[in-house]
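Structure, as C-alpha cells:
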Amino acid sequence: MTTSEVRLGLRENAAQFCLLIAVTAFVGAMVGLERSTLPLIGREDFGLASSAAVLSFIVAFGLAKALTNLGAGALAQRAGRRRLLIAGWAAALPVPPLIAVAPNWNWIIAANILLGVNQGLAWSMTVVMKIDLVGPQRRGLALGLNESAGYGGVALAAGLSGLLAGSFAARDVLVVAGATIAVAALVLSVLFVRDTGTHVALEQRRQHDGAHSRPPTLRDAFARTTYRQPVLRSCSQAGLVNNLNDGLAWGLVPLFLAAHGAGITDIGLVAALYPAVWSITQIGAGHWSDRVGRKPLIVAGMLVQAAALALLALSNGAITVAAAAAILLGAGTALVYPTLIAAISDTVTPIARAPVVGVYRFWRDMGYVFGGLIAGAAADALGYSGAITLVAALTAASGLWVLRDMPTDRRDPAHTPRHEGTPPINRSRGNTNATRG
C-alpha cells in the first residue's frame, strides 16, 4: 500500500479491521478454554489441595503476558506489528501438546507461560493495529469492538469447554480446541493481515507536522506511564486491579462454586456469563466514552465491579446469585476495559502509542500475578468468601484512586486529540503533568 492510498477511519479500513476482529476473537478463545476447566483439572487430575498451588498457572501466565506486553510495545515500531502478531501465534502452537502429555502440574505451568507470550504478542498487536487504522475520532468505539470480540471469544470458549467437559475428558477438550484455534489464527495472520505502520506515520504527520518522529525509549515510556503522569498512572493502577479481580474470577470462582456443590456445567455457565456480558456491553461503553469522556466510566466501572464481587462473596455458592454477580461484574468491566486504553491513546502521540500501551498492558496483566498470589493465599488463610471480599475492597479503592488522581477533561474526546499541545515523551524531565486527561 502506497502512502497516497493510506486512509484513517473505521469505514475506510473495514476489511482489515474486521479481519483483526476475527483474530482477536481467536486470541480470547485460546484463553477462554481454560476458564471453566483448568482449575478443576488441577484439583482432580493432579491432586492439588492448595488454592495457591492451583492458581500458580495464573501467576505464570500473567507474568509471561505482562513481560511480553512490555517487549512488544518497545519492539512494535522497529519489528512491525504484523511480525509480532505472527510470532505470538507461533508461540501458541506448543500449548495444546504440552497440556496433552503433561505428567505433572509443572508442565501445565510451562504451557501457560507460552500462552502468556501468545496473549501478550497477539492481543497487544491486534489492539494497537486497530487504533492505528481508525485514527483519533472513533477510538473508543474501535476499542469497544476489539475487546468485545476478544471477550466474546473468551465467553464462547469458556461456555462450550464447560459444556463439552460434561461429556468428554476436560483435558481432551482443551487440547483439541486449542490446537484448532492456534493453527487457524496463525494461517489468517500470515496470509491476510497487513501491517499498519503507514497508518501510524500518516496520523503522526497530520497531528504533529512531522515532529517527534522517534518513539520514546522504554525507560521514558515506563516512567511516564507508571508514576509521572496522572492520566497514565491512574489507568495503569486501575488496569492492574481490574485484571487482579479477573484472575480471581478465572482461578478461584470455579473452586468456590465447586466447594458448594456446583457441577461443571453450572460452573461453565457462570464462567461464560461474566465475559459474555463484558463482551456485548463494552461496544456501547467504548462509544459512550467517546462522547462523555473517559474518567466517569472508569470510576463507575470499578465501583460496579466491587459491588459484584461483594455480592458473590455473600452468595454462599448459590448459582443464581453467582450468575447475577457475574453479569454485574461483566457490566462493570465493560465500562472500564476499552476506556482505559482509549484514555491512554488520547494522551500520547501516535508514534509513542505502542510503547506506552505496552507499559500499560504490562501493569494491567501484572494484575494476574497479584491476583493469583493474593487470591490463592487469602483463600487458604480466610476461605473463598474472605478472599473475594478482600479483592472487592481493593477494586473499590482503585475506583476512588481514579476519582481523585485522574484529571477531568470536559472536551469532546472524539474531535480533540488530548495529546495535542503536550510535551512528547522523551528524555526530558520537564513538566510531565502538562498532559491533560
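The values are calculated or read from the model by the stated rules, or taken from the named source; none is laboratory data. Computed from a prediction, not measured in an experiment: that's the story for all the values here. Don't worry about glycine lacking a Cβ; one is built from the backbone with ideal geometry, like all the others, and counts go over all protein chains shown.
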Legend entry - Whichever residue in region 273-290 is of a type in the set (Ser, Thr, Tyr) and surrounded by 22 or more Cβ atoms within 10 Å (Cβ to Cβ) and, among such residues, is farthest from VAL321 (Cα to Cα): SER289
Inset, instruction - Please state which of the following conditions PRO136 fails to meet, knowing it meets all the rest: (1) touching an Asp or Glu at 6+ places or on another chain (Cβ under 8 Å); (2) surrounded by fewer than 24 Cβ atoms within 10 Å (Cβ to Cβ); (3) at pLDDT 90 or above. - result: (3)
Inset, instruction - Can you confirm whether region 198-206 contains a residue that is within 16 Å of GLY358 (Cβ to Cβ) and in a helix (DSSP H, G or I)? - result: yes
Inset, instruction - Scan region 31-63 for residues that are surrounded by fewer than 24 Cβ atoms within 10 Å (Cβ to Cβ) and closer than 21 Å to MET366 by Cβ and report the count. - result: 6
Legend entry - Breaking point among (1) in a helix (DSSP H, G or I); (2) free of Cβ contacts under 8 Å to residues at least 60 places away in the same chain, for GLY152: (2)
Legend entry - Pairs, first in contact (Cβ under 8 Å) with a residue 24 or more places away in the chain in region 160-179, second among the acidic types (Asp, Glu) and not in a helix (DSSP H, G or I), C-beta under 7 Å, six or more apart: ARG171/ASP45; LEU174/GLU34
Inset, instruction - Can you tell me which residue among GLY367, GLY386 is surrounded by 22 or more Cβ atoms within 10 Å (Cβ to Cβ), within 17 Å of ALA306 (Cβ to Cβ) and not hydrophobic (A, V, I, L, M, F, W, C)? - result: GLY367
Legend entry - Where a residue in region 344-356 is at pLDDT 85 or above and its partner, wherever it lies, is among the hydrophobic types (A, V, I, L, M, F, W, C) and surrounded by fewer than 24 Cβ atoms within 10 Å (Cβ to Cβ), with Cβ under 6 Å and at least six apart: PRO355/ALA74
Legend entry - region 52-72 residues that are at negative phi, paired with ones that are basic (Lys, Arg) and buried (at least 24 other Cβ atoms within 10 Å of the Cβ) (beta carbon under 7 Å, 6 or more apart): ASN69/ARG361
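Residue-wise test of (1) touching a Cys at 6+ places or on another chain (Cβ under 9 Å); (2) among the acidic types (Asp, Glu); (3) more than 27 Å from GLY120 (Cβ to Cβ).
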residue: VAL6; (1), (2), (3): no, no, yes
residue: GLY9; (1), (2), (3): no, no, yes
residue: ASN13; (1), (2), (3): no, no, no
residue: CYS18; (1), (2), (3): no, no, no
residue: ILE21; (1), (2), (3): no, no, no
residue: MET30; (1), (2), (3): no, no, no
residue: GLU34; (1), (2), (3): no, yes, no
residue: LEU40; (1), (2), (3): no, no, no
residue: GLU44; (1), (2), (3): no, yes, yes
Inset, instruction - Please find, within region 291-311, the residue that is farthest from GLY239 (Cα to Cα) out of those that are over 22 Å from the mean Cα position of the chain (by Cα) and buried (at least 16 other Cβ atoms within 10 Å of the Cβ). - result: LEU311
Legend entry - Residue in region 50-66 that is assigned to a helix (DSSP H, G or I), among the aromatic types (Phe, Trp, Tyr), within 19 Å of the chain's Cα centre (by Cα) and under 30 Å from ILE298 (Cβ atoms) present: yes
Legend entry - One residue from LEU10, LEU19 being outside any helix (DSSP H, G or I) and more than 17 Å from ALA179 (Cα to Cα): LEU10
Legend entry - Residues that are closer than 30 Å to ALA169 by Cα and surrounded by fewer than 24 Cβ atoms within 10 Å (Cβ to Cβ), drawn from region 1-24: ALA22
Inset, instruction - Just give me the residues in region 113-143 being in contact with a Pro (Cβ under 8 Å, 6 or more places away or on another chain) and farther than 24 Å from ALA201 by Cα, in sequence order. - result: LEU114
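Tell me which residues, restricted to region 243-272, are in a helix (DSSP H, G or I) and surrounded by fewer than 24 Cβ atoms within 10 Å (Cβ to Cβ). Step through it out loud before you land on a result.
Taking region 243-272 first, the residues in a helix (DSSP H, G or I) are 243-251, 253-259, 264-272.
LEU255, ALA258, ALA259, ILE264, THR265, ASP266, LEU269 - these are the residues of region 243-272 that are in a helix (DSSP H, G or I) and surrounded by fewer than 24 Cβ atoms within 10 Å (Cβ to Cβ).
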